[in-house]
Amino acid sequence: MALLSVEELSVTFTAKGRKDSTAVDGVSFDVDQGQVVGLVGESGCGKSVTSLALMGLLPGKGVKVGGRAEFDGKDLLSMSPRKLRDMRGSQLAMIFQDPLSSLNPVVPIGVQVTEILERHRGLKGEAARKEAANLLDRVGIPDPTRRLKEYPHQLSGGMRQRALIAMAVACAPRLLIADEPTTALDVTIQAQILELLKELVDQEGTALLMITHDLGVVAGLCDQVNVLYAGRAVESAGRRELFAHPTHPYAHGLLGSIPRLDAPRGEPLSPIRGSINDRIAWADGCAFAPRCDYYTMECLTGTPELTEPRAAGHQVRCVNPVLPKPKAEVSA
Amino acid sequence: MSLLELDDVKVHFPVRKGVLFNRTVGHVYAVDGVSLKVEAGQTYGLVGESGCGKTTLGRGVLRLVDITDGEVVFDGTDLAKLPEEEMRRYRRRLQMVFQDPLGSLNPRQNIESILSEGMAAHGIGKDQDERRERIKEILAKVGLPTNALSRYPHEFSGGQRQRIGIARALVLEPDVIICDEPVSALDVSVQAQVINLLEELQESMGLTYLVIAHDLAVVRHISDVIGVMYLGSLVEEAPSDALYAGPKHPYTKALMSAVPVPDPEVEDRRERILLQGDLPSPANPPAGCRFHTRCPWAQDRCAAERPVLTDVGDGHKVACHFAAEIEAGTLELTRPTGIEAVTETKAVAAEGPDADKVAIPAQSSGDQPAEKKAEKQEQDSAEADALAKADALAKADAPVEADAPAKAEAPAGADEAAEADALAKTDDVPPADDADAGKADADDADAPESDASGAESAKTG
């Protein structure tokens with residue numbers, strides 16, 4: 001039994017006088033204890049909305065959420081707001097992309113960290129302050145007692161992200177959702193934060209749902225990777241399997257379009273044509289078909305199902321997967 | 001003679017205080033003495049993290065910001081000393097592509113108006129009809145439909161907007177295009193389209209690029225020569241392949257080792273140098289070598305004397321006093337990095353299972369680690385203090401770890417601790433006050449004094 005089991009999650013935004021827009025269109029994945037699961041995709045693929053839906057942070061009006069998301073046997077989507085509030089912060093925690101806008105600018109860091117300790121762990125006064133200093137120290141913020149009195153703007157970007165992580169792990173949550181935790185940071189700071197996340201997962205056995213657009217980050221961190229496109233998972237595999245044999249034309253194309261630091265110079269990149277706006281509804285066929293190099297008329301007849309073309313656990317939603325090409329290259 | 005030559009360019013922004021007298025109380029040294037040469041038909045990549053001054057330098061070349069000192073020689077003319085009106089005419093030949101394609105296009109002008117404005121200003125084309133024909137040619141070159149002419153920026157996707165930005169530069173038939181983060185606002189799949197477009201255009205039109213970007217992989221992909229900037233000055237400059245094959249400056253080494261590669265095989269083997277802390281403020285840059293506050297190899301001389309960019313052969317230039325020593329491996333580390341851990345772990349791995357206990361004496365201050373442990377496991381600090389005094393005793397002190405869960409990664413923790421211990425006995429390493437080091441997992445194990453490292457491994461074990 002997985003710690004978090006998401007089945008056919010869908011999120012549709014509705015507005016008067018406009019067509020419904022479906023951001024997440026049937027996403028399913030499992031996260032086990034101590035596992036790092038990645039949701040990868042470009043902007044507009046529904047990865048952030050997925051995380052907000054799981055945390056119950058979507059607005060109540062104008063949003064239709066469907067499917068199931070069971071955390072430890074309890075459905076998060078149908079849970080009462082009061083119960084969900086108890087869960088958030090203590091069992092489930094989230095790290096956001098932009099650390100400056102996720103921290104309250106007019107409240108010192110210390111108050112923001114102790115708030116969680118008071119709410120969920122019942123610590124008060126000096127004890128809470130001491131624990132807060134411990135937490136900051138643990139995520140690698142030097143001189144934590146001084147930092148507790150400072151405001152978010154006095155901290156550097158990397159330090160703010162560390163403070164957010166400290167708040168997220170304050171109650172030793174069982175599931176940590178990190179939504180693009182390093183996107184706003186420089187590479188050297190990114191490396192520090194990724195090491196910190198890795199360490200937390202290793203030590204505490206926390207499950208981590210990593211949401212990112214950066215395949216490089218995924219390659220170093222995630223056990224299981226789900227590639228999303230237009231609100232659906234198009235490929236799901238262990239990281240080694242995925243990077244060695246990307247099978248969905250989108251995943252394949254994505255890897256082909258990244259300039260690699262270790263690649264020899266002069267080789268042109270092989271980008272995917274068009275943009276995310278060139279897509280069709282999943283109900284009519286494969287949403288990626290208009291951009292796909294491999295598409296046939298078959299792609300336009302109904303939603304393709306997730307199938308297992310290769311190794312166990314490697315699932316692909318495609319009727320014309322990129323199978324023969326890598327093999328031909330190997331034999332040639 | 002290079003097409004574009006920068007000689008000791010400085011851009012300092014005054015910091016003012018007070019209302020009435022507007023005193024200048026200091027300067028932000030955004031660009032502080034950069035010299036570089038861009039050859040015709042080539043691409044010079046300028047790379048660095050946010051705040052290193054790379055964008056200011058690019059804007060300084062076009063005189064979009066005032067240059068405090070230095071020369072910008074373009075095709076034999078020093079742009080820095082040109083009167084404003086003459087400079088305006090020179091800007092036809094030096095164009096810029098900006099980072100944010102939406103922010104740099106006027107939302108109330110259609111594409112034809114955006115593209116023809118510059119042409120009219122510089123007197124290209126007799127009338128609007130002739131300009132329109134020229135614009136259509138360029139639109140085809142950058143891969144936009146001709147019906148784009150009457151449309152407005154918001155109707156385009158991010159990638160298309162960036163193509164419009166490139167087209168705006170191209171219609172003036174420039175010699176040099178300065179691309180400031182040309183692809184960082186775009187999605188990966190679209191990013192590749194724009195990179196390929198830039199390369200095709202360079203080939204077909206013989207353009208010279210100065211590409212400014214933070215993404216080392218992108219810069220390496222398109223540049224012939226790369227300059228690495230740190231806090232307002234170049235620390236290393238080399239041909240693209242040479243820089244990748246053998247970075248010589250410690251900052252470049254760290255930067256390159258921090259870039260994730262989308263390949264698990266590479267990721268698992270990658271040696272990392274984790275820098276500690278953040279970029280110092282350019283308003284108050286460190287004396288001597290700007291990097292010495294974070295450099296893993298920093299020596300006394302680095303704090304006193306600022307190194308100059310010197311050629312070490314084959315056009316590879318580096319600004320470091322000790323580049324050769326670091327290369328030869330004769331310089332001892334003064335701060336923890338990931339490098340040593342990789343090799344030394346193997347050597348001490350033999351110490352085996354009880355090695356993780358010895359990590360505790362490696363902590364320098366008795367109080368902090370004790371506090372830390374109290375957080376996870378109820379340890380009395382007296383025990384920790386006792387341990388801190390003698391490492392020999394500590395080895396025997398097994399119960400410390402008794403309640404820690406035995407995990408799969410225990411061997412790694414053991415190695416780390418063992419190594420920390422080994423070093424603690426022999427090495428004379430100043431205290432690492434920055435606990436970042438401890439977060440570096442096994443990589444950072446060569447920091448015996450880093451209390452975080454010790455405490456973490458104690459917990460892991």
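Residues of the stretch B:5-16 include none that is within 26 Å of B:ALA217 (Cβ to Cβ), within 14 Å of another protein chain (Cβ to nearest Cβ), in a strand (DSSP E or B) and of a type outside the set (D, E, K, R).
Out of B:GLU39, B:GLU5, which single residue is surrounded by fewer than 17 Cβ atoms within 10 Å (Cβ to Cβ) and more than 29 Å from A:THR188 (Cβ to Cβ)? Answer to the check: B:GLU39. Taking B:ARG23 and the conditions (1) surrounded by 15 or more Cβ atoms within 10 Å (Cβ to Cβ); (2) more than 27 Å from B:VAL318 (Cα to Cα), which numbered condition does it fall short on, given that it satisfies the others? Checking B:ARG23 against (1) surrounded by 15 or more Cβ atoms within 10 Å (Cβ to Cβ); (2) more than 27 Å from B:VAL318 (Cα to Cα), the one that fails is (1).
Listed here are the residues, each with its yes/no results for (1) within 12 Å of chain B (Cβ to nearest Cβ); (2) within 27 Å of the chain's Cα centre (by Cα); (3) at pLDDT 90 or above; (4) crowded, with 18+ Cβ neighbours inside 10 Å.
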residue	(1), (2), (3), (4)
A:GLY253	yes, yes, yes, yes
A:ARG260	yes, yes, no, yes
A:PRO264	yes, no, no, no
A:GLU267	yes, no, no, no
A:SER270	yes, yes, no, no
A:SER275	yes, yes, no, yes
A:ALA281	no, yes, no, no
A:TYR295	no, no, no, yes
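The one condition from (1) more than 14 Å from A:ARG232 (Cα to Cα); (2) in contact (Cβ under 8 Å) with a residue 60 or more places away in the chain that A:VAL6 does not meet is (1).
Answer with yes or no whether B:HIS249 is within 15 Å of the chain's Cα centre (by Cα), surrounded by fewer than 24 Cβ atoms within 10 Å (Cβ to Cβ) and in contact (Cβ under 8 Å) with a residue 60 or more places away in the chain. No; evaluated as a whole, the condition is false for this residue. Tell me, yes or no, whether the stretch A:204-216 has at least one residue that is part of a helix (DSSP H, G or I), within 7 Å of another protein chain (Cβ to nearest Cβ) and surrounded by 24 or more Cβ atoms within 10 Å (Cβ to Cβ). The answer is yes; a qualifying residue exists.
Whenever a residue of the stretch A:184-210 is modelled with pLDDT under 85, its partners that are not in a helix (DSSP H, G or I), lying with C-beta atoms within less than 7 angstrom and at least six residues away or across chains, give the pairs A:ALA184/A:GLN97; A:ALA184/A:ASP98.
Going residue by residue through the stretch A:285-299, is there one that turns out to be more than 19 Å from A:GLY38 (Cβ to Cβ) and touching a Leu at 6+ places or on another chain (Cβ under 7 Å)? Yes, that holds for at least one residue. Answer with yes or no whether B:PRO107 is crowded, with 20+ Cβ neighbours inside 10 Å, assigned to a loop (DSSP other than H, G, I, E, B) and in contact (Cβ under 8 Å) with a residue 40 or more places away in the chain. So B:PRO107 fails the test. Of the residues making up the stretch B:226-246, those that are hydroxyl-bearing (Ser, Thr, Tyr) and within 19 Å of B:GLY58 (Cβ to Cβ) are B:TYR230, B:SER233, B:SER240. The set of residues in the stretch A:102-153 that are of a type in the set (A, V, I, L, M, F, W, C), closer than 21 Å to A:ILE193 by Cα and assigned to a helix (DSSP H, G or I) comprises A:ILE109, A:VAL113, A:ALA132, A:ALA133, A:LEU135, A:LEU136, A:LEU148.
Among the conditions (1) at positive phi; (2) touching a residue at least 24 places away in the same chain (Cβ under 8 Å); (3) facing chain B (nearest Cβ under 9 Å), the only one that A:GLY220 does not satisfy is (1). Evaluating B:PRO280 against the criteria (1) at pLDDT below 90; (2) buried (at least 19 other Cβ atoms within 10 Å of the Cβ); (3) out of contact with any helix residue (DSSP H, G or I) (no Cβ under 6 Å at 6 or more places or on another chain) leaves one unmet condition, (2). For the stretch A:67-82, a residue qualifies if it is among the aliphatic types (A, V, I, L, M) and assigned to a loop (DSSP other than H, G, I, E, B), and the qualifying residues are A:LEU76, A:LEU77, A:MET79. Of everything listed in (1) assigned to a helix (DSSP H, G or I); (2) within 11 Å of chain B (Cβ to nearest Cβ); (3) among the aliphatic types (A, V, I, L, M), the single unmet condition for A:ALA166 is (2). Against the test of being at pLDDT below 90, of a type in the set (Asp, Glu) and surrounded by fewer than 24 Cβ atoms within 10 Å (Cβ to Cβ), the options A:ASP143, A:ASP179, A:ASP223 yield a single qualifying residue, A:ASP143. Only a single criterion out of (1) within 8 Å of chain A (Cβ to nearest Cβ); (2) surrounded by fewer than 23 Cβ atoms within 10 Å (Cβ to Cβ) is not satisfied by B:GLU271, namely (1). Just to check your reading of the model, which residue among A:LEU117, A:LEU194, A:LEU176, A:LEU123 is within 11 Å of chain B (Cβ to nearest Cβ) and either within 25 Å of A:MET55 (Cα to Cα) or in contact with an Asp or Glu (Cβ under 7 Å, 6 or more places away or on another chain) (or both)? Exactly one of A:LEU117, A:LEU194, A:LEU176, A:LEU123 is within 11 Å of chain B (Cβ to nearest Cβ) and either within 25 Å of A:MET55 (Cα to Cα) or in contact with an Asp or Glu (Cβ under 7 Å, 6 or more places away or on another chain) (or both), namely A:LEU194. Checking B:SER35, B:SER50 one by one, the residue that is out of contact with any strand residue (DSSP E or B) (no Cβ under 7 Å at 6 or more places or on another chain), touching a residue at least 24 places away in the same chain (Cβ under 8 Å), not basic (Lys, Arg) and not assigned by TED's automatic domain parsing to the domain that holds B:ALA238 is B:SER50 and no other. Just one of the listed residues (B:LEU243, B:LEU234, B:LEU255, B:LEU275) is assigned to a loop (DSSP other than H, G, I, E, B) and among the hydrophobic types (A, V, I, L, M, F, W, C), namely B:LEU275. Any idea which residue in the stretch A:226-243 is surrounded by the fewest Cβ atoms within 10 Å (Cβ to Cβ), counting only those that are more than 8 Å from chain B (Cβ to nearest Cβ) and under 20 Å from B:ARG269 (Cα atoms)? Per the stated criteria, the residue is A:GLY238.
Of the residues making up the stretch A:25-66, not one is assigned to a strand (DSSP E or B), surrounded by 19 or more Cβ atoms within 10 Å (Cβ to Cβ) and among the polar types (S, T, N, Q). Being part of a loop (DSSP other than H, G, I, E, B), out of contact with any strand residue (DSSP E or B) (no Cβ under 8 Å at 6 or more places or on another chain) and at pLDDT below 95 is a property that B:SER116 lacks.
Could you go through the stretch B:175-192 and let me know if any residue there is more than 14 Å from chain A (Cβ to nearest Cβ), of a type in the set (A, V, I, L, M), buried (at least 23 other Cβ atoms within 10 Å of the Cβ) and in contact with a Phe, Trp or Tyr (Cβ under 9 Å, 6 or more places away or on another chain). Checking the stretch B:175-192: at least one residue is more than 14 Å from chain A (Cβ to nearest Cβ), of a type in the set (A, V, I, L, M), buried (at least 23 other Cβ atoms within 10 Å of the Cβ) and in contact with a Phe, Trp or Tyr (Cβ under 9 Å, 6 or more places away or on another chain). Residues in the stretch A:298-321 that are closer than 16 Å to A:ASN226 by Cα, of a type outside the set (Lys, Arg) and not in a loop (DSSP other than H, G, I, E, B): A:LEU306, A:THR307, A:GLN315, A:VAL316.
The values are calculated or read from the model by the stated rules, or taken from the named source; none is laboratory data. Keep in mind that what you see is a predicted model, and the values were worked out from it rather than measured. Cβ coordinates were reconstructed from backbone atoms using ideal geometry, including for glycine residues, and neighbour counts include every protein chain displayed.
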